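The values are calculated or read from the model by the stated rules, or taken from the named source; none is laboratory data. Keep in mind that what you see is a predicted model, and the values were worked out from it rather than measured. For accessibility, only protein heavy atoms count, side chains too; no ligands or nucleic acids. Shrake-Rupley method; radii C 1.70, N 1.55, O 1.52, S 1.80 Å.
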Amino acid sequence: MEFKTFVFYFFAAIMVFAGLRVITSRNPVHAALFLVLAFFSASGVWMLLQAEFLAIALILIYVGAVMVLFLFVVMLLDINLDRLREGFWDYLPLGSIIALLMVAEMGLVLGGNYLGLLESHVPQAAADASNVQAIGRLIFTEYVYPFELASVVLLVGIVAAVALTQRGKRKNKAVSPSQQVFVKARDRVTVLQMPAEKRD
């Protein structure tokens, strides 16, 4: 067995184990951490396939941003785990059908490739070629307008999120620091003298 094949099976086994632990873990924080492990293993598989851009994007976007957000949300929310587990077995038939469909799809792809029914010739890039450089050249030449459109859509989404979460103008009294320096106690404090009263 080649070393590359061994590394692939090693990453694949870790990814399958982490994926199973995501859906079987009782603690949501542990499930999120196992999902991070699955993402790291998937990025390792992408690196073996010489898709460096996808591997780096998977780590930076999903592990570095999305999963950290998931972890903070799960840790900050008071989640009732017993209520979440209610009716878990009711979804078993639908989940089984979806799992069987996924296994059938993977079997068609892998079996067709193994039996030679699919096109197995994949053009290989040159040794000095960079995957990231090729993707960057395509994005900024042939797909520059869709790229700019995607950036506008993301900008509109950010502005909409800020507008939806804004609670209105805060009614704070602004005080100039230069006026606070010249404040004197006699201008602010009034001493009242009241006659003493005797109780009967």
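Structure values in brief
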{"quantity": "One residue from Gly95, Gly107, Gly112 being at pLDDT below 75 and not charged (D, E, K, R)", "calculated": "Gly112"}
{"quantity": "All positions within the stretch 162-195 that are at pLDDT 80 or above and either open to solvent by less than 100 Å² (accessible area, probe 1.4 Å) or closer than 30 Å to Phe140 by Cα (or both)", "calculated": "Val162, Ala163"}
